[in-house]
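Engineer: I have a structure I would like to understand better, so I am pasting it below and will then ask my questions one at a time.
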Amino acid sequence: MRCPSLPFGVACWLSRLSGSLSRRLGRGGGTTFPGLVLHRLRPNALAELAQGVRDGVIVLSGTNGKTTTARLVRSALDTCGVKVVANPAGSNLERGVATALLSVRSPDIALFEVDEAALGAVVAKAQPRIVVLMNLSRDQIDRHGELENLAQKWRNMVAGLAPETTLVYNADDPLIAELAVSHPKTVAYGIEDSSVAQEDLLQVADNTACRRCNAALAYHLCTIGHLGHWACPACGFSRVDPEVQVTQVEFCGIGGSRITVSTPNGLIEAKTSLGGLANVYNVAAAVATAVTAGVSSEAISEAVGCRQAAFGRGSAVDVDGKRVTILFNKNPVSANENLRMLIRETVPLQLLILLTDSSQAGQSGVDVSWIYDVDYEALIDTGRVASLTVGGARAHDLALRFQYAGFDPQKISIVRDNAAAFRTALSACDRGGHLFVMPYNSQQMRAIRSVLVDKGLVGEMWEEK
Ligand SMILES: [Zn+2]
């Protein structure tokens, strides 16, 4: 039975109330529940809330890098003194967006990271001023289906965009570039510095056929997965010269990079504490978005320099005299990028990797076969893996994968419980050493976070800006 829609103000008030009750009852921070309630009480409320945002809505999406990029843009907007509403990491479905909009009265601007599959519905309702498309690669196949399903959803979304909406997109991703070129108002970004290139496309590269004629694309610069400088030798469709270009990158280990970005408003030079090439793309996306939103180059440079990693996205914390860095990855592209970053480190590598599936309550996904697309062999070839603990319901799958990759199975600790696996990995790590934790699932990241919250070392998810 369908409930009659409540008046807007009443529906919002009741939904906010449900959030405070949820917190008081110890059911979490209410980062999605009020939005869910609101949708039931007044299905069109998200559109109405979005209309009330004075300077419009920005949404960004992509398989990898949403949270980090959103936080960088947020910092740039904060530097300008505008009142921003944003959704916390992980609350990136329609209900999370609605909950965030309920939480701030009369915001100047709204900034949302949105799940790839939820993007179409959020864009249709929020009618954003800027849509940012970052990258698309294989991820959660059992949820999203093959990549082509998502690509088609995004194609429909772009076709339905208002002409005045600016589409900010990654020119290095051929799939996204093909979607974007049909839109009248675009800002492209990409990496120009050839020193960051890989010798060849990795095995995990998707989308390497021309989206127009299906011929194999030619690459003269490969960066991550199928990203790079591409062109179709058959029909001539090729990467555009982006308006926002990363012209120079100097890696400073896992602790960050120095980046120079050329924009229509001049050069932006920044030292970021976010390490690795994936974060160079995130900075490029954030710069392109902030420039489009009207933020000054000085404010952007300051924001990129100040922003620390979001929890789990390369964030580090000292636990019992040991450094712990958490690198969330959930698909072969992001897992390989994190391994590349670790391979560049010179310290002994103490590792905890967590893998689970939907046999565990509250977990999503059944497919774990993608671990066979991750290049653990390159990691083991460094000879610097000092300790390895695998955890989660599919810990044995990981152990087997490492055995196939040539790692001595006698040296692998297998602990299925996430928190217990963390304790085991921590005690295996020498005092003064560096433990790298790689949860392959957001619920597992929360499990690690809980351990650190209990120790008073980090805050709760809903407290993070
Ligand atoms: Zn072609």
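No value in this document is a laboratory result; all are computed from the given coordinates. Worth saying up front: this structure is predicted, and the values here are computed from it rather than measured. Don't worry about glycine lacking a Cβ; one is built from the backbone with ideal geometry, like all the others, and counts go over all protein chains shown.
Engineer: How high is the relative contact order of region 287-334, in percent, counting Cα pairs under 8 Å that sit 6 or more residues apart? Write out the running numbers ahead of the final one.
Structural biologist: Values: 28 pairs, mean separation 10.8, N = 48.
Once divided by the residue count of region 287-334, the mean separation gives 22 percent.
Engineer: Which percent, to the nearest 5, of DSSP beta bridges fully inside the chain are antiparallel? Each step should come with its number before you reach the end.
Structural biologist: Values: 26 of 68 bridges.
In the chain, approximately 40 percent of DSSP beta bridges are antiparallel ones.
Engineer: Please report L175, L352, L267 as a ranked list, fewest other C-beta atoms within 10 angstrom at the top and most at the bottom. Could the numbers behind the result be given before it?
Structural biologist: Values: L175 25, L352 28, L267 12.
Ranked by crowding around the Cβ, least crowded first: L267, L175, L352.
Engineer: Report the full-extension gain for the segment R212 to S427: residue separation times 0.36 nm, less the Cα-Cα distance, to one decimal in nm. Kindly include the intermediate steps, with their values, before the conclusion.
Structural biologist: Working: separation 215, 0.36 × 215 = 77.40 nm, distance 5.37 nm.
Between R212 and S427, full extension yields an extra 72.0 nm.
Engineer: How much mean residue ellipticity at 222 nm does the chain get from its helices, if each DSSP H run of length 4 or more adds -39500 (n - 2.57) and you divide by all residues, to the nearest 500 deg cm²/dmol?
Structural biologist: Values: 16 runs with 168 residues, N = 465.
Value at 222 nm, helices only: -11000 deg cm²/dmol.
Engineer: Can I ask one more? Specify the inter-centroid distance of region 376-413 and region 162-186, based on alpha-carbon positions, in whole Å.
Structural biologist: Here the two parts' Cα centres lie 41 Å apart.
Engineer: How high is the FRET efficiency from Q51 to E269, r the C-beta distance, R0 35 Å, rounded to 0.05?
Structural biologist: Values: r = 38 Å, r/R0 = 1.09.
Working from the Cβ atoms, E equals 0.35.
Engineer: Given I109, P332, G266, which one lies farthest toward the positive end of the charge dipole of the chain, if we put +1 on the Cβ of every Lys and Arg and -1 on the Cβ of every Asp and Glu?
Structural biologist: Farthest towards the positive pole: I109.
Engineer: Now, a different point. Mind checking the dipole of the chain: about its Cα centre, +1 per Lys or Arg Cβ, -1 per Asp or Glu Cβ, Debye to the nearest 20? Can you show the working numbers first?
Structural biologist: Values: 44 positive and 45 negative charges, 361 e Å.
That gives the chain a dipole magnitude of about 1740 debye.
Engineer: Sticking with this structure for a sec: Under 5 Å between amide hydrogens, which residues at least 5 positions from D357 or on another chain qualify, with H placed 1.01 Å from N in the peptide plane?
Structural biologist: Correct list: A393, R394.
Engineer: Toward the positive end of the charge dipole of the chain, about the Cα centre and with charges on Cβ (Lys, Arg +1; Asp, Glu -1), which of S427, T31, V132 goes farthest?
Structural biologist: T31
Engineer: Given an 8 Å cut-off on Cα distances and at least 6 residues of separation, report the relative contact order of the chain as a percent.
Structural biologist: On the way: 971 pairs, mean separation 56.2, N = 465.
The normalised contact order for the chain reaches 12 percent.
Engineer: Additional query: For a footprinting-style exposure proxy, rank R423, R155 by other Cβ within 10 Å, fewest first.
Structural biologist: Working: R423 14, R155 17.
Ranking R423, R155 by Cβ neighbours within 10 Å, fewest first, gives R423, R155.
Engineer: Restrict the search to region 189-296; then list the GluC sites (Glu not before Pro) that DSSP places in a loop and that have at most 13 other Cβ atoms within 10 Å of their Cβ. Show your work: numbers first, answer last.
Structural biologist: Numbers: sites: E192, E199, E243, E250, E269; in loops: E192, E199, E243.
The qualifying sites are E199.
Engineer: Between R344 and A159, with labels modelled 7 Å along Cα→Cβ, what's the label distance in nm to one decimal, could you check?
Structural biologist: According to this spin-label approximation, the distance is 4.0 nm.
Engineer: Roughly how many debye, to the nearest 20, is the charge dipole of region 201-273 about its Cα centre, given +1 on each Lys and Arg Cβ, -1 on each Asp and Glu Cβ, and no other charges? Present the calculation step by step, with values, prior to reporting the outcome.
Structural biologist: Values: 5 positive and 5 negative charges, 28 e Å.
Here region 201-273 has a charge dipole of around 140 debye.
Engineer: Return, for the Cα atoms of region 220-294, the radius of gyration and Dmax in Å, separated by a comma.
Structural biologist: Using the Cα atoms of region 220-294, the pair Rg, Dmax is 13.7, 42 Å.
Engineer: How large is log10 I(q)/I(0) at q = 0.08 Å⁻¹ when the Debye formula is applied to the Cα atoms of the chain, each weighted equally and without solvent?
Structural biologist: -0.46
Engineer: Let's see if you can work this out: charge +1 on each Lys and Arg Cβ, -1 on each Asp and Glu Cβ, no other charges. What is the dipole magnitude of region 313-455 about its Cα centre, in debye to the nearest 20?
Structural biologist: Values: 16 positive and 15 negative charges, 85 e Å.
That gives region 313-455 a dipole magnitude of about 400 debye.
Engineer: For the ranges 157-165, 301-309, what's the packing order if you count other beta-carbon atoms within 10 Å of each residue, average per peptide, and put the highest first?
Structural biologist: 301-309, 157-165
Engineer: Against the 2.2 N^0.38 Å scaling, with N counting residues, where does region 313-455 land? I'd like the Cα-based Rg ratio to two decimal places.
Structural biologist: Relative to the rule-of-thumb radius for its length, region 313-455 sits at 0.95.
Engineer: What's the FRET efficiency of R24 with A234 using the Cβ-Cβ distance as r and R₀ = 45 Å, to the nearest 0.05?
Structural biologist: Working: r = 62 Å, r/R0 = 1.38.
Efficiency, from the Cβ-Cβ distance: 0.10.
Engineer: Can you give me the Cα centroid spacing of region 271-320 and region 16-94 in angstrom?
Structural biologist: 20 Å
Engineer: I need the phi-derived Karplus couplings for region 229-244: 6.51 cos²θ - 1.76 cosθ + 1.60, θ = phi - 60°, integer Hz, Gly and Pro marked x.
Structural biologist: My calculation for region 229-244 gives 9, 10, 7, 9, x, 8, 10, x, 4, 8, 4, 7, 7, x, 5, 10 Hz in order.
Engineer: Now a separate question. Could you quote the convex hull projected area for region 374-465, Cα atoms only and averaged over all directions, in nm²? Spell out each step's value before the answer.
Structural biologist: Working: hull surface 27.7 nm².
That works out to 6.9 nm².
Engineer: Another question about this same structure. Give me a comma-separated list of calculated 3J(HN,Hα) values for region 265-279, in order, Karplus coefficients 6.51, -1.76, 1.60 applied at θ = phi - 60°, integers in Hz, x for any Gly or Pro.
Structural biologist: Whole-Hz 3J(HN,Hα) from phi for region 265-279: 9, x, 7, 10, 10, 8, 9, 9, 8, 8, x, x, 5, 4, 6.
Engineer: In terms of modelled amide H atoms, which long-range or inter-chain residues lie less than 5 Å from the amide H of K322?
Structural biologist: The list, which skips near neighbours in sequence, is G432.
Engineer: A further question on this structure: Please arrange V122, V187, V451 by how many other C-beta atoms lie within 10 Å of their C-beta, fewest to most.
Structural biologist: Values: V122 26, V187 21, V451 17.
Result, fewest neighbours first: V451, V187, V122.
Engineer: Please sort by residue number the trypsin sites (Lys or Arg not before Pro) in region 69-150 whose DSSP state is loop and whose Cβ has at most 11 other Cβ atoms within 10 Å. Before the final figure, lay out the partial values.
Structural biologist: Numbers: sites: R71, R74, K83, R95, R105, K125, R129, R138, R143; in loops: K83, R105, R129, R138.
Qualifying residues, ordered by number: R105.
Engineer: Pulled fully out, how much extra length does the chain show between D417 and S106, if you take 0.36 nm times their separation in residues and subtract their Cα-Cα distance? It would help to have the intermediate numbers written out before the result.
Structural biologist: Numbers: separation 311, 0.36 × 311 = 111.96 nm, distance 4.39 nm.
Length gained, D417 through S106: 107.6 nm.
Engineer: May I ask you to evaluate 6.51 cos²θ - 1.76 cosθ + 1.60, the Karplus curve with θ = phi - 60°, for each residue of region 376-384 and list the ³J(HN,Hα) values in order in whole Hz, giving x for glycine and proline?
Structural biologist: 5, 4, 5, 5, 5, 4, 5, x, 10
Engineer: Another question, if that's okay. Please compute the net charge surrounding V122, taking Lys and Arg as +1 and Asp and Glu as -1 over other residues with Cβ under 13 Å from its Cβ. Working shown, then result.
Structural biologist: Numbers: positive: K66, R95, K125, K153; negative: E94, E113, D115, E116.
It works out to a net charge of 0.
Engineer: Here is a follow-up. Hey, what did region 189-344 get for relative contact order, percent, Cα under 8 Å, at least 6 apart?
Structural biologist: 18 percent
Engineer: What pairs from K125/K153; K66/K330; K271/K330 go past 23 Å between their alpha carbons?
Structural biologist: Violating the 23 Å limit, Cα to Cα: K271/K330.
Engineer: Under 5 Å between amide hydrogens, which residues at least 5 positions from L388 or on another chain qualify, with H placed 1.01 Å from N in the peptide plane?
Structural biologist: L351, S413
Engineer: Moving to a separate point now. Test of understanding: what is the full-extension gain from E377 to V10, defined as 0.36 nm times their sequence separation minus their Cα-Cα distance?
Structural biologist: Working: separation 367, 0.36 × 367 = 132.12 nm, distance 5.78 nm.
Separation in residues times 0.36 nm, less the Cα-Cα distance, equals 126.3 nm.
Engineer: Using 7 Å Cα-to-Cβ label points, what is the K83/H396 separation (nm, one decimal)?
Structural biologist: Output for this residue pair reads 5.6 nm.
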